[in-house]
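Coordinate-derived values only; no laboratory data. Quick caveat: nothing in here was measured; it's all calculated off a predicted structure. All Cβ positions, glycine included, derive from the backbone under ideal geometry; neighbour counts span all protein chains shown.
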Amino acid sequence: MTSPPNSPQQSVPSVDRVLNMNSVAALTEIHGRAPVTEAVRAVIDESRAAIGTDGEAALAGLEEGALTKRIGVRLELAAAPSLKPVFNLTGTVLHTNLGRAPLPVEAIAAMTEVAGAANLEYDLGSGKRGDRDSHLEALLAELTGAEAATVVNNNAAAVLLTLNSLAMRKEVPVSRGELIEIGGAFRIPDIMSRAGAKLVEVGTTNRTHLKDYAEAVGPKTAALMKVHTSNYRVEGFTKSVSGKELAGLARQHDLPLIEDLGSGTLVDLAQFGLPHEPTAAETVAAGVDVVTFSGDKLLGGPQAGLIVGRRDLIERIKKNPMKRALRLDKVTIAALAAVLRLYRDPDRLAQRVPTLRLLARDEADIRAAAERMRGPVAAALGDGFEVSVIACQSQIGSGSQPVERLPSAAIAIQPAGKRKGAGLSRLGNAFQKLPVPVVGRIHDDALLFDLRCLEDEAGFLAQLGGLDLI
Ligand SMILES: *Cc1c(COP(=O)(O)O)cnc(C)c1O
């Protein structure tokens, strides 16, 4: 259908005409021909639709300057990555949805260095095929006291692979008090069945004794297993069997003992004023044969699942074809190795590993930051908001020490005066639309920014001018 003569529809230029405008052609240099053509087509379609309802304004939007601007905005939006850095001011240091551990600069540099060709599985010198685990194994052995080590995509994969390698079509007794669910559908019974192993529940929810395990051991038993109940705590009339006691029973029956340590750590966190978590070295020393833990929880590294333990068992795990499906890439291996190297110098860990630095951060230091920033934040928000400094509590996150709280300080923002009663989620949204989105939490009718994890104060303040508060 053609438009009647002199209708506004006729004023809509063709795609080719717009593409030939000098200012639009310039965009091609930046974004490439295909994305610009697509953006031009979309903007023209939009104008054609708008002319019917909103003739005058739509016509103004067809003038070269306005048109170029609209096309440019569309291109910028399409080119922006959806995964981007944020300010994690939630107060949860290891926030799974915000990417868990922030990496040390040493790890970031190491990732960049191996981004091109690297000797990932190549033995320099002999020219023979190498093993990607070799870049981590000696370090992990040194730091945990284990004979051997291998590494996969995350701790869930480490548990799956370990059970599949050592207990396929066989039985594994686990205490009913340790049948955990970790957020995101990781449940011990499900992982066990997906691994092809049969879970044998022993004991009760609150109390499990050594004799419960002993009674469960039979001809089909392949291994004993302990799971660190990282994300909840059973209190009161409780009893669990330690790794050391269970190791004795396992040895008696010539069975391997597996422990999922969850977060796991390589150093005693008590030195940073944090609650004690069992270290991988303590667990190995207690006689556990295979220990698995995460790379991106308390360790402070990239997402990875670390498996350390007895050489013969680690060899069986490495030979499992599933290992190939769960293996790490070179960039993650480089980052993890860099983090592990930092652990060789325990004296400087609290400065160099951001996770530990943030967890160990002093309350007074956080409060001082909040006092410093209160004024500039209030100024950026303008009238209609009350900005104060309050005491709050951070948490470790990722299921580590769930009941433990770390005293901290926050900037609290409340709509007041002319904005009294305005929605806090709208205010939160405005902060999340900034170039580096700011994620806080809503608590007691205020938007809270827990400053424990804010290290780039200048970067945070610099973008507040762009807040769109409407
Ligand atoms: C966190 C956790 C897992 C899962 O580890 P990911 O590295 O997130 O895959 C498994 N078991 C326990 C006990 C955990 O705490």
Rounded tilt (10° steps) of 363-381 against the dominant C-alpha axis of the chain: 20
Three-way shape label, the chain, alpha-carbon gyration tensor, a/c 1.5: prolate
Amide proton proximity set for residue 327, modelled H, under 5 Å, gap of 5+: none
By how many nm would the segment from residue 383 to residue 128 grow when fully extended, if each residue of separation counts as 0.36 nm and the alpha-carbon distance is taken off? 84.9 nm
For the chain, find the longest principal axis of its Cα atoms and tell me its angle to the long axis of helix 64-79, 0 to 90°, nearest 10. 10
Could you line up 33, 48 from fewest to most neighbouring Cβ atoms inside 10 Å? 33, 48
Sorted from largest down, give the three principal axis spans of the alpha carbons of the stretch 50-129, whole angstrom values. 74, 41, 19
For residue 69, give me every one of the lysines with a C-alpha distance below 27 angstrom, ignoring sequence neighbours fewer than eight places off in its own chain. 84, 433
Chymotrypsin sites (Phe, Trp or Tyr not before Pro) in the stretch 201-277 lying in a DSSP loop, each with at most 16 other Cβ atoms within 10 Å of its Cβ, come to 232, 237
Give, in nm to one decimal, the length gained when the segment between residue 390 and residue 463 is fully stretched (0.36 nm per residue of separation minus the Cα-Cα distance). 24.0 nm
Cα long-axis angle, helix 134-144 against the chain (0 to 90 degrees, to the nearest 10): 60
Could you calculate the contour length gain from residue 193 to residue 365, that is, 0.36 nm times the residue separation minus the distance between their Cα atoms, to one decimal place in nm? 57.1 nm
Could you let me know the centre-to-centre spacing of the stretch 81-126 and the stretch 217-255, using Cα atoms, in angstrom? 34
